[in-house]
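Undergrad: I'd like to ask you about the structure that follows.
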Amino acid sequence: MNIDLGKCDQERYLNIKSEVREVMEYEIGFFLNVLRYMDTHPDALIGAADLLSELGYYEKSLQYDLMLVNLFPDNSEVRYNYACSLSLCNQVDQSYAELINAIQFGYNNFKHLFKDRDLESVLYVYSRQLKQYIKKLLKEASHDTC
């Protein structure tokens with residue numbers, strides 16, 4: 001790829017088969033071309049952020065996830081993906097805060113959250129607090145339905 005995407009997690013990058021990497025890089029190029037003309041195109045932002053993260057370009061992916069948060073501040077999935085990007089960039093405290101935001105905006109796939117490898121750094125520090133927060137929310141929700 002001829003585009004400078006910044007720092008890359010070489011281990012993650014090299015764990016992807018070269019043929020698959022080639023397709024992913026082609027797709028990133030496509031999304032980046034779309035963004036040159038329509039810099040807030042949601043599908044192009046999502047596609048670029050996801051692929052860049054998959055390939056290990058975490059800082060570049062974080063930029064696109066932040067743009068998505070600015071476009072869709074109340075979207076729980078967007079907030080969750082932003083938390084993942086922050087975690088991958090070792091911005092642990094901010095990642096935790098974004099996970100709380102994602103949950104407040106409706107993210108509820110907690111089984112996935114605690115298994116998501118992209119969140120390893122934040123879960124290493126905040127797993128107990130996060131579990132307590134979720135437990136409290138679920139308890140409050142069960143009282144609301146009674």
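Undergrad: Quick check on my link table: of Lys111/Lys136; Lys60/Lys111; Lys7/Lys115; Lys111/Lys131, which ones sit more than 18 Å apart, alpha carbon to alpha carbon? Walk me through the numbers before you get to the answer.
TA: Values: Lys111/Lys136 16 Å; Lys60/Lys111 27 Å; Lys7/Lys115 25 Å; Lys111/Lys131 11 Å.
Checking Cα-Cα distances, Lys60/Lys111; Lys7/Lys115 exceed 18 Å.
Undergrad: Taking the chain as the reference, fit the longest principal axis to its C-alpha atoms, fit the long axis of helix 120-145 to the helix C-alpha atoms, and give the angle between the two in degrees, 0 to 90, nearest 10.
TA: 50 degrees
Undergrad: Let me ask something additional. For the chain, what is the mean residue ellipticity at 222 nm derived from helices alone (per DSSP H run of n ≥ 4: -39500 (n - 2.57); sum divided by total residues; nearest 500 deg cm²/dmol)? List each step's numbers first, then the result.
TA: On the way: 8 runs with 109 residues, N = 146.
Result for the chain: -24000 deg cm²/dmol, rounded to the nearest 500.
Undergrad: Still on this model: Can you sort Met67, Met38 from fewest to most other Cβ atoms within 10 Å of each residue's own Cβ?
TA: On the way: Met67 19, Met38 11.
Result, fewest neighbours first: Met38, Met67.
Undergrad: Using Cβ contacts closer than 10 Å as the measure, can you line up Lys111, Lys60 from fewest to most?
TA: Starting with the residue having the fewest Cβ neighbours, the order is Lys111, Lys60.
Undergrad: Measure off 7 Å from each Cα along the Cα-to-Cβ vector at Val125 and Asp74, then give the distance between these two points in nanometres to one decimal.
TA: Once both label points are built, they end up 3.0 nm from each other.
Undergrad: Can you tell me the Rg and Dmax of the range 79-146, counting just the alpha carbons, in angstroms?
TA: Here Rg and the maximum Cα pair distance are 12.0, 42 Å.
Undergrad: Could you give the nm distance between label points at Gln104 and Glu19, where each point is 7 Å from its Cα heading toward the beta carbon?
TA: Taking the two extended label points, one gets 4.7 nm.
Undergrad: Only sites in a loop by DSSP and with at most 14 other Cβ atoms within 10 Å count here; which chymotrypsin sites (Phe, Trp or Tyr not before Pro) in the range 64-104 make the cut?
TA: Details: sites: Tyr64, Tyr80, Tyr82, Tyr96; in loops: none.
Hits after loop and neighbour filter: nothing returned.
Undergrad: Now a separate question. Rg over Rh of the chain, using C-alpha atoms and the Kirkwood radius, what does it come to? Mind showing how you got there, number by number?
TA: Numbers: Rg = 16.6 Å, Rh = 16.2 Å.
Using Cα coordinates only, the ratio equals 1.03.
Every number in this text was worked out from the coordinates using simple rules, so none of it is lab data. Keep in mind that this is a model prediction, so the values were computed, not measured. Note that we place each Cβ from the backbone using ideal geometry, even for glycine, and neighbour counts take in every protein chain shown.
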